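Enquirer: For reference, the structure I am asking about is given below.
What follows is calculated from the coordinates using simple rules that are stated; it is not laboratory data. What you see is a predicted model, and the numbers here were worked out from it, not measured in a lab. A quick note on method: Cβ atoms are made from the backbone with ideal geometry, for glycine too, and the neighbour counts reach across all protein chains shown.
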């Protein structure tokens, strides 16, 4: 018999057991907390709009935005624009991210490569890439190339910097261990350097995702004939605030989605890291 | 003697050795280490000033001395991690022919790859070109040898300091090395863990018969494990003392205590006395 085996403790334990037995499969309270504030804002916004406190010319009500979502979805315009934008975002991330990743690895591993390109990259990095829009329009017009170029350029630097620093900061002791245990260059990269740099590469990826959306929105509003940015900009000309706000909501959802994907990947690939262990 | 009788003779001899629990004969692949006139400087700092040392195959040598005496540098040169400025390093097999033995090292820190499981970390010790199935089998065998068989699938971050160092030892042993270098491997462990690790190191050395070079600042650890203790002082060998007691040794053995006292005096005496 344990010290804590008193009638009171037993009855409390029985109550606890009964509670867990009849639990509804609802999300846990902690999981709902992050959504409390956004939900309150939307509710307040709807109330203010319905009471006529906010003019619909300045700000549509959430219900109007939902209606706009419904009508554009039915017409097929929204799915089309979302697909176009997501495709551009992904292509830009793929191209810019790959270049940044490869340069980061090369400069992290090879002294010659670093001396050859790092200074140039650091100089280019300081130019706000959106400042290149006029030039990009002159070069590519408003075709796909201009968006691809700008998003790739925007994504390249955060991925490059974080990959480079990740590789540079891999524990020297582990590399020495790998060498003395007879690892060749490729094995050393595969087993020591790349996994060691991965947490930092993920930081770069998440930065890149933010910049990716930003670049895409700006370049779509200025020079495009499709995509969410174009949809919003077009709606502005007709004073359709509901569509403009809908575009913002879509951006928020897509941005969050990209972040969630990155986080799931992170948890999978960095499961060894105590930070990600439960 | 035919091969057969010779083998039987060795088997019997080995049994006898185990029964008497004395130092083992050198295991297969164990190499002798010869250092002649070894010099090493880092800038103006002369760390090693002419080291001459012959370590027979299968011997357990401990190198002790104050910090900065060059003991770690000596070990790094033996392992090929540093190049000597002058002098010669030579490994010899049982017949005295120059050899390049399978040499492994255990560092002061475990240096496990945190993104590989315990078993995969041990597999690192086997090198490339071994198929995964037999590699895993070897890893599991050596893990149970260091009493960590049930931890094979864990991440290193889940282990205690002593367990991690045992994994590092398993990684060093899995390829059955001829030379094992130990660079203050127990320095970061608590006293009790250190004693059980010493017993483990002593046991695997008696079983496998590799040549062992242990660098430590712990004099009692040195006399407990080694056949022979080298005291380094300012880059030179100040004392070369053999420890003629059978293994495994009991802590608090009066003969060991006496030798420990002599070694401490040799290390501190060169300081000009306190």
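Enquirer: In bins 10 Å wide, starting from 0, what share of all Cα pairs of chain B does each bin hold, as a percent?
Expert: Binned Cα distances yield the sequence 7, 27, 35, 23, 7, 1, 0.
Enquirer: Restricting things to alpha carbons, tell me how big region B:170-247 is in terms of Rg and Dmax, in Å.
Expert: Taking only Cα atoms of region B:170-247, I get Rg and Dmax of 12.8, 35 Å.
Enquirer: Could you tell me, in Å, what Rg and Dmax come out for the Cα atoms of region A:141-278?
Expert: Cα radius of gyration and Dmax of region A:141-278 are 20.2, 69 Å respectively.
Enquirer: So how many Å³ per residue does the convex hull of the Cα atoms of region A:60-167 work out to? Kindly include the intermediate steps, with their values, before the conclusion.
Expert: Working: hull volume 15.2 nm³, N = 108.
About 141 Å³ per residue, rounded to a whole number.
Enquirer: Then there is this: Roughly how many nanometres apart are two label points built 7 Å out from the Cα toward the Cβ at residue B:49 and residue A:91?
Expert: Here the modelled spin labels are 7.2 nm apart.
Enquirer: I need the peptides A:142-148, A:106-112 ranked by packing, meaning the mean over residues of other C-beta atoms within 10 angstrom, with the highest value on top.
Expert: Working: A:142-148: 17.6, A:106-112: 15.3.
Highest to lowest by the protection proxy: A:142-148, A:106-112.
Enquirer: I would also like to ask the following. Once the Cα atoms of region B:203-267 are picked out, what are the Rg and Dmax in Å?
Expert: 12.0, 35
Enquirer: Another question, then. Ranked highest first by average number of other Cβ atoms within 10 Å, how do B:244-251, B:212-219, A:62-69 line up?
Expert: Numbers: B:244-251: 13.2, B:212-219: 22.5, A:62-69: 17.9.
My ranking of the peptides, most packed first, is B:212-219, A:62-69, B:244-251.
Enquirer: Taking 2.2 N^0.38 Å as the expected size of a compact globular protein, what ratio does the Cα radius of gyration of region B:113-175 give against it, to two decimals? Could you put the intermediate results ahead of the total?
Expert: On the way: Rg = 10.2 Å, N = 63, 2.2 N^0.38 = 10.6 Å.
Compared with the compact-globule rule of thumb, region B:113-175 sits at 0.96.
Enquirer: Continuing with the same structure: In vacuo Debye scattering of region B:140-274, one point per C-alpha: log10 I(q)/I(0) at q = 0.10, 0.11, 0.22 Å⁻¹?
Expert: -0.37, -0.45, -1.41
Enquirer: Related question: Provide a whole-number value for the mean count of partner chain Cβ atoms within 10 Å of the Cβ atoms in peptide A:181-187. Walk me through the numbers before you get to the answer.
Expert: On the way: counts 10, 8, 3, 2, 0, 1, 3.
Mean partner shielding for this stretch: 4.
Enquirer: Could you compute how fast chain A diffuses translationally, taking Rh as the Kirkwood radius over C-alpha pairs and applying Stokes-Einstein at 4 °C with viscosity 1.567 mPa s? Give it in µm² per second.
Expert: Working: Rh = 22.8 Å.
The calculation lands on 57 µm²/s.
Enquirer: Moving to a separate point now. Taking Cα pairs under 8 Å and at least six residues apart, what relative contact order does chain B come out at, in percent? Each step should come with its number before you reach the end.
Expert: Working: 516 pairs, mean separation 71.0, N = 274.
Value for chain B: 26 percent.
Enquirer: Tell me, what is the Rg over Rh of region A:26-101, with Rh the Kirkwood radius over Cα pairs? Could the numbers behind the result be given before it?
Expert: Values: Rg = 18.4 Å, Rh = 15.9 Å.
Over the Cα atoms of region A:26-101, Rg/Rh equals 1.16.
Enquirer: If each residue of separation counts as 0.36 nm, what is the full-extension length gain between residue A:171 and residue A:263 once their alpha-carbon separation is subtracted?
Expert: On the way: separation 92, 0.36 × 92 = 33.12 nm, distance 2.40 nm.
So the extension gain works out to 30.7 nm.
Enquirer: Summarise the partner chain shielding of B:111-119 as one whole number: the mean count of Cβ atoms from other chains within 10 Å of each residue's Cβ. Walk me through the numbers on the way to the answer.
Expert: On the way: counts 9, 2, 9, 8, 12, 4, 1, 0, 0.
Per residue, the number of nearby Cβ atoms from other chains is 5 on average.
Enquirer: Seen from all sides and averaged, what is the projected area of the convex hull of the Cα atoms in region B:125-216, in nm²? Spell out each step's value before the answer.
Expert: On the way: hull surface 24.6 nm².
Hull-based average projected area comes out at 6.1 nm².
Enquirer: Using bins 10 angstrom wide from zero, how does P(r) for the protein assembly as shown break down, in % of all Cα pairs?
Expert: P(r) over the protein assembly as shown, rounded to whole percents: 3, 13, 18, 17, 14, 12, 11, 8, 4, 1, 0, 0.
Enquirer: Hey, what did chain A get for relative contact order, percent, Cα under 8 Å, at least 6 apart?
Expert: Details: 269 pairs, mean separation 59.7, N = 278.
Reported as a whole number, the value is 21 percent.
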